[in-house]
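Comments concern the structure below.
The values are calculated or read from the model by the stated rules, or taken from the named source; none is laboratory data. This one's a predicted model, so the numbers in the text were calculated from it and none came from an experiment. Please note: Cβ atoms are built from the backbone with ideal geometry, for glycine as well, and neighbour counts cover all protein chains shown.
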Protein chains: 2
Amino acid sequence: MQLSGLIARLGRHLDLTDAEREAILHAERGERRLRAGDVLVAEGGESHALYVVRQGWLHSSTKLVTGGRQILRFHYAGDLIGTSSMAWSQAAATLTAISDCIVIDLPKTELGLLFRAQPRIAGLLYAIAAAENVAMSDRLTTIGRMGASERLSTLLLDIMARLRVTAGGIVDSFDLPLTQTDIGDALGLTKVHVNRTIRALEKAGVIERNGRRVRIVDEAALVEATGFTDRYGEIETGWLPPAV
Amino acid sequence: MQLSGLIARLGRHLDLTDAEREAILHAERGERRLRAGDVLVAEGGESHALYVVRQGWLHSSTKLVTGGRQILRFHYAGDLIGTSSMAWSQAAATLTAISDCIVIDLPKTELGLLFRAQPRIAGLLYAIAAAENVAMSDRLTTIGRMGASERLSTLLLDIMARLRVTAGGIVDSFDLPLTQTDIGDALGLTKVHVNRTIRALEKAGVIERNGRRVRIVDEAALVEATGFTDRYGEIETGWLPPAV
DNA sequence: CGCCGAGTTGAAGCCTTTCAACGCTGGTGG
DNA sequence: CCACCAGCGTTGAAAGGCTTCAACTCGGCG
């Protein structure tokens, strides 16, 4: 179980066979520990591996010619990150640890072998990539067509939905390890306006804050305002070929 | 060659073996012809197949609770679309034909079998999915952090880069089958502001228009202003397992 | 011939940004 | 041990970019 990031993740969607577990363990390399703020991969840098998040939060981001930054996505335990190196040997985004993290290496040549040995795993990884794509689409829609408070609300709902996957029980509050600058870079807003928007939501009584802790007071109102849909549930696996 | 959408696309990245071609042909089902404006798949509708674009342009879009629309992506000949149905049986986006189109069905159970029979194809499809993800990230960055004229410039550069893949020679002008409303929905702008922005670029002398025809006069200036990078080039295939 | 969608333009208003300043906290070095 | 500094959060005021509302033109289609 020491190097089982991928097994844990895929096991959420499928009952893995022993052979599949074995093959995954064989593909995974040693783990890497990161401190909050550390950069795992830099945009434009060489990259020949994916990483599986075992513990902690990270984000991927890109820099603009104008000096700005866009945070593309937040990554949590179980996520497969750095996938752009499957298509190119240069990383398309920077991966930065938000909290202290542990990630596991998954060299892409090993992944190639895993694809051959375990086609069911290959199919599931493809389905997960498709789901990632939909998650990106959701974000695009939010940023492209919604105002500041809807963007912020969507982010909070999304984080909470994601935390519920692993946390099991009912979650209505969580620690947010992001600065308001981070939130702004994720939502396409300035930190100043993020601050005003947060305080407006607070004043409206739909959220509460206590330090880093955020509590969602009126989840229904947030969902109603944003049209948020939780995509972290099941992934359909019926079409996958049988396990080897 | 009649049903070879996928072969043509994958052949851009790999030399396919006969067995691989055969397996792909076996997975593809009959073609479907669409008229401009036709909806191939509706958001929320059942979907058990992908589609390969053989001819024409389409776009995928989502509707907002507030009544707006976000166009997520434009699709061209060779693209694999409707991939959200790999993860769920309900489509996450609407697929609409922009011009008259021909698409080929690729049932997901067939794709599952293809994954098992031809692991190299599976790996390549995964790499393509990863590249799609990066393309979405680029769009997110553009919309999240750039002004109207940069967004529009990026769209034009992106379309041109994509057309160059299939058109071979030097392309500096193309027919744009999009309304200004479409462009606005793709860029997160109103059609009114799209219009003003187009005319400003025209007045600045970086583009020219003649009906639907758009000519990029000063490509370097557009690239400079936007930091655009063409991702339509090679996909790295060195990590793929050998062909069967 | 008339209507509708697409493109165009002007004016006003709003949301978000920009600029600026200040309090607070945690970490660092003297 | 404590002073200082840097980053973060917060707030106000002014500016700006984009939207909204409205009106008018043009071309294609019934």
Inset, instruction - Looking only at the stretch B:141-148, decide whether some residue is over 28 Å from A:THR142 (Cα atoms) and more than 8 Å from chain A (Cβ to nearest Cβ). - result: no
Inset, instruction - Count, please, the residues in the stretch B:157-179 that happen to be touching a helix residue (DSSP H, G or I) at 6+ places or on another chain (Cβ under 9 Å) and free of Cβ contacts under 8 Å to residues at least 40 places away in the same chain. - result: 4
Inset, instruction - Tell me which residues, restricted to the stretch A:112-126, are of a type outside the set (S, T, N, Q) and either in contact with a His (Cβ under 7 Å, 6 or more places away or on another chain) or more than 7 Å from chain B (Cβ to nearest Cβ) (or both). - result: A:LEU114, A:ALA117, A:ARG120, A:ILE121, A:LEU124
Inset, instruction - With the condition kept exactly as written, say whether any residue in the stretch B:62-77 is touching a residue at least 24 places away in the same chain (Cβ under 8 Å), more than 16 Å from DNA strand D (Cβ to nearest atom) and farther than 25 Å from A:MET146 by Cβ. - result: yes
Legend entry - Positions within the stretch B:58-76 being more than 9 Å from every other protein chain (Cβ to nearest Cβ) and at pLDDT below 95, in sequence order: B:GLY67
Inset, instruction - Within the stretch B:195-232, count every residue that is surrounded by 12 or more Cβ atoms within 10 Å (Cβ to Cβ) and in a loop (DSSP other than H, G, I, E, B). - result: 9
Legend entry - Close pairs (6 angstrom Cβ cut-off, 6 or more residues apart or separate chains): under 18 Å from B:GLN70 (Cα atoms) and among the charged types (D, E, K, R) in the stretch B:186-204, part of a helix (DSSP H, G or I) and within 8 Å of DNA strand D (Cβ to nearest atom) anywhere: B:LYS191/B:GLY184
Inset, instruction - Return yes when A:GLY44 is surrounded by fewer than 17 Cβ atoms within 10 Å (Cβ to Cβ) and modelled with pLDDT of 95 or more and no when it is not. - result: yes
Inset, instruction - Only residues that are surrounded by 17 or more Cβ atoms within 10 Å (Cβ to Cβ) and either at positive phi or within 14 Å of another protein chain (Cβ to nearest Cβ) (or both): list them for the stretch A:26-41, please. - result: A:ALA27, A:VAL41
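Working carefully through the options B:THR181, B:THR237, B:THR229, find the one that is within 14 Å of chain A (Cβ to nearest Cβ) and within 16 Å of DNA strand D (Cβ to nearest atom).
Details: B:THR237 fails: within 16 Å of DNA strand D (Cβ to nearest atom); B:THR229 fails: within 16 Å of DNA strand D (Cβ to nearest atom).
After ruling out the rest, the residue left standing is B:THR181.
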Legend entry - Matching option when the condition is touching a His at 6+ places or on another chain (Cβ under 9 Å), under 30 Å from B:THR154 (Cβ atoms) and basic (Lys, Arg), among B:ARG73, B:ARG69, B:ARG35: B:ARG73
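Determine, yes or no, whether B:ALA129 is buried (at least 23 other Cβ atoms within 10 Å of the Cβ), away from DNA strand D (no atom under 13 Å from the Cβ), of a type outside the set (Lys, Arg) and within 9 Å of chain A (Cβ to nearest Cβ).
yes
Does B:SER137 meet the test of being under 28 Å from A:GLY44 (Cβ atoms), surrounded by 16 or more Cβ atoms within 10 Å (Cβ to Cβ) and more than 16 Å from DNA strand C (Cβ to nearest atom)? So that I can check it myself, show each step before the final result.
Numbers: under 28 Å from A:GLY44 (Cβ atoms): yes; surrounded by 16 or more Cβ atoms within 10 Å (Cβ to Cβ): yes; more than 16 Å from DNA strand C (Cβ to nearest atom): yes.
Against the criterion (under 28 Å from A:GLY44 (Cβ atoms), surrounded by 16 or more Cβ atoms within 10 Å (Cβ to Cβ) and more than 16 Å from DNA strand C (Cβ to nearest atom)), B:SER137 qualifies.
Per-residue answers, yes or no, for (1) closer than 23 Å to B:GLU132 by Cβ; (2) modelled with pLDDT under 95:
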| residue | (1), (2) |
| --- | --- |
| A:MET136 | yes, no |
| A:THR141 | yes, no |
| A:ASP158 | yes, no |
| A:GLY169 | no, yes |
| A:ASP182 | no, no |
| A:LYS203 | no, no |
Inset, instruction - Quickly run through the stretch A:80-99 and pick out the residues that are under 21 Å from B:ARG139 (Cβ atoms) and part of a loop (DSSP other than H, G, I, E, B). - result: A:GLY82, A:ALA87, A:TRP88, A:ALA91, A:ALA92, A:ALA93
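Here's the yes/no breakdown for (1) under 15 Å from A:ALA77 (Cβ atoms); (2) touching a Phe, Trp or Tyr at 6+ places or on another chain (Cβ under 8 Å):
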position	(1), (2)
A:ILE24	no, no
A:LEU34	yes, no
A:GLU46	no, no
A:VAL52	yes, no
A:HIS59	yes, yes
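Based on this model, can you work out whether A:LEU50 counts as buried (at least 16 other Cβ atoms within 10 Å of the Cβ), within 14 Å of another protein chain (Cβ to nearest Cβ) and within 10 Å of A:VAL103 (Cα to Cα)?
yes
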Inset, instruction - Working carefully through the options A:ARG162, A:ARG151, find the one that is away from DNA strand D (no atom under 11 Å from the Cβ), surrounded by 21 or more Cβ atoms within 10 Å (Cβ to Cβ) and more than 14 Å from chain B (Cβ to nearest Cβ). - result: A:ARG162
